[in-house]
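Read-outs: derived from the displayed coordinates by stated rules, not from any lab. Every value quoted in this text rests on a predicted model; they were computed, and no experiment measured them. Here the Cβ is made from the backbone with ideal geometry for all residues, glycine too, and neighbour counts use every protein chain on show.
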Amino acid sequence: MLHRATLRRVLLGALAALWLAAPLAAQKPAAQKPAGAKPGASGSTDPGRAESPPSDAKPADAKQAETSARTATVALQNDALRKELALAKGTDFYLLVDPVRRTLRLMLSGVVLEEYHLHDLAIGTFRAPFQRSSALNPAGLLATQGALDPPRERDRFELVVGPGETDPPPEPPVPPPAEEIYRIPPRYWIRYADGVAVEVRSREESRKASLKTLVLEHIWEPLRMALADLRNKNRDKVRLLLEMSREDAAALYRVLPPDTKLLVLPPT
Amino acid sequence: MASTPSTSVPSAIASAVELARARRRRQKRRRWPLAVVLGCVFLLAAGVVILRAYGYGYHPLAQAAKSQLAAARGQAPAGLEQLAKLERENKRLAAALVDLVPKGFYLVIDQTHNRLSLRKQDQEQLKAACSAGGGVVLIESGGGKRKWVFDTPRGRFSVLRKVENPVWKKPDWAFLEEGEPIPKNDSERFEYGMLGEYALHFGNGYMIHGTLYERLLGRSVTHGCIRLGRDDLRQVYASCPIGTPIFIY
């Protein structure tokens with residue numbers, strides 16, 4: 001059997017190995033390198049950072065780069081505008097996610113019906129250890145046939161009447177206000193037919209977490225989801241996470257019409 | 001006579017060694033539960049780390065969108081002519097979107113929370129409590145076995161007809177609901193004063209009208225129509241001509 005000192009060394013070595021393995025296991029999504037990207041003065045090829053051309057670059061090159069950048073931006077905006085116009089000309093309800101203004105709008109025929117402020121917006125794709133996950137392209141993301149999960153359940157009063165009945169049928173009871181009719185889950189999903197799912201959660205529920213909730217959320221829930229996702233071949237391709245106030249999350253759950261579509265706007 | 005060192009030292013060493021071995025055996029017996037526990041903790045930690053690596057990795061949406069934009073910028077270079085063409089199309093699309101928003105008054109009705117909003121160019125002119133469909137299901141047991149579901153429809157509509165001092169022509173369900181026989185004569189179907197001072201029809205028998213039961217405004221108690229209080233109804237009737245869009249969700 002191992003001596004105490006040896007045991008201590010083995011344990012420290014194992015912890016060090018886990019510490020090193022965790023970043024490898026949690027792979028970031030493939031960062032798309034721009035085609036023909038040249039390293040700047042710092043030698044960085046980070047696509048998220050605006051590159052200033054080298055000081056000795058010709059003005060024509062700089063203008064060309066600016067034109068290309070502007071063209072790409074306008075092309076992306078036009079793609080989203082076309083989709084938004086098609087939705088606005090249709091007869092279906094749709095949700096517009098604006099990542100810059102941090103708003104979620106319920107729309108119909110180009111008219112804003114409701115607007116909700118978003119405290120947090122995130123997008124994610126499924127990942128597995130030591131594998132690069134697919135690139136995230138949220139701008140212009142369009143999804144159809146949204147359905148609430150869990151679904152909204154409403155008790156309907158049924159009145160059966162027949163001809164010739166002498167007693168008048170009972171009067172339906174006055175229903176309570178909408179805030180009392182539906183039981184709002186702390187987090188819910190809007191699942192779309194295109195492998196897109198939107199998770200809506202309230203900021204208050206996230207913040208007032210007890211130790212039990214933290215353990216459930218950060219240990220049990222990821223384990224359960226990972227096991228379920230590993231078994232589920234039809235997993236969501238893309239998940240959007242939207243965090244809003246409790247009132248807004250509840251209001252959206254109550255009013256969301258069936259088959260609502262979704263469009264994510266590009267940054268402007 | 002003193003004992004010879006040659007016989008006492010080896011035995012002392014042997015007993016010391018024996019003692020050390022016995023101590024190590026006792027320590028080994030004490031250590032193995034600790035080793036088992038530490039091994040389990042290690043396996044659990046490794047399992048959590050590995051399984052945490054599975055699942056959905058989230059990134060801020062704005063950052064992901066900007067990265068996508070930056071990646072698109074690195075595509076094949078474009079000329080000024082192409083840029084000008086894209087910008088013209090951008091303006092055209094943006095203008096087309098703006099054109100879809102009604103220029104005059106329009107109504108937005110939240111039938112879940114029983115709220116009506118009268119708007120003009122995205123500015124709210126009036127916010128009122130209303131009553132929408134209660135969702136009651138009426139089933140006729142005998143005869144035609146008809147079924148009615150009293151929901152307010154969702155979607156885009158428009159004001160088709162405006163009536164002052166509307167008269168309600170009671171449909172069959174109104175008689176069944178009260179346990180009354182359905183009259184054969186149409187003249188027996190009319191009720192006066194039930195719908196308030198004004199009514200705005202928006203199709204399929206649905207209307208925005210007044211009510212005798214203003215205390216129930218804010219609750220879903222109607223058979224599908226939208227009920228408003230007297231003062232709010234006056235303002236809506238005065239502001240909304242025929243053709244005014246109505247959005248109900």
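Here are a few things to note about the model shown:
- In chain B, the longest principal axis of the Cα atoms and the axis of helix B:230-239 are about 80 degrees apart.
- 3J(HN,Hα) from dihedral phi, segment B:101-108, Karplus parametrisation 6.51/-1.76/1.60, rounded to Hz, x for glycine, proline: 6, x, 7, x, 6, 8, 10, 10
- Pairs with C-alpha atoms separated by more than 32 Å, drawn from the list A:261/B:127; B:162/B:184; A:89/B:145; B:91/B:120, are A:89/B:145.
- Charge-dipole axis of chain B as Lys and Arg at +1 and Asp and Glu at -1 on Cβ define it, positive-most pick from B:247, B:36, B:98: B:36
- Computed from phi, the 3J(HN,Hα) profile of segment A:115-122 under the Karplus parametrisation 6.51, -1.76, 1.60 (θ = phi - 60°) reads 10, 10, 8, 9, 6, 8, 9, 8 Hz, with x in place of Gly and Pro.
- In chain B, taking the dipole from charged Cβ atoms about the Cα centre, the farthest positive-side position among B:211, B:68, B:13 is held by B:13.
- Cut-off under 5 Å, modelled amide H: who pairs with residue B:125 long-range: B:118, B:119, B:120
- GNM result for chain B, Cα springs below 10 Å: residue of B:44, B:126, B:83 fluctuating most strongly: B:44
- Contact order normalised by residue count of chain B, Cα under 8 Å, 6+ apart, percent: 20 percent
- Amide hydrogen neighbours beyond the local backbone of residue B:197, cut-off 5 Å, H modeled: B:210
- Cα-projected label distance for residue B:96 with residue B:35, points at 7 Å along beta-carbon direction, nm: 7.5 nm
- Converting phi to 3J(HN,Hα) with the Karplus coefficients 6.51, -1.76 and 1.60 and the offset θ = phi - 60°, segment A:61-74 yields 5, 5, 5, 4, 5, 5, 5, 4, 5, 5, 4, 4, 4, 5 Hz in sequence order, with x at every glycine or proline.
- From the Kirkwood radius over Cα pairs of segment B:105-248, Stokes-Einstein at 25 °C and 0.890 mPa s returns a whole-number translational diffusion coefficient of 156 µm²/s.
- Summarising the amide proton neighbourhood of residue A:260: residues at separation of 5 or more, or on other chains, whose placed amide H is nearer than 5 Å comprise A:146.
- Hull volume per residue, based on the alpha-carbon atoms of segment B:13-170 and their convex hull, is 435 Å³.
- The residues packed around residue A:245, meaning those with a beta-carbon under 10 Å from its beta-carbon, carry a net charge of -2 if Lys and Arg are +1 and Asp and Glu are -1.
- Degrees, to the nearest 10: B:80-100 long Cα axis against longest axis of chain B: 60 degrees
- Segment B:156-221 and segment A:171-187: distance between their alpha carbon centers, rounded to Å: 26 Å
- Segment B:78-142 versus segment B:55-71: alpha-carbon centroid distance in Å: 29 Å
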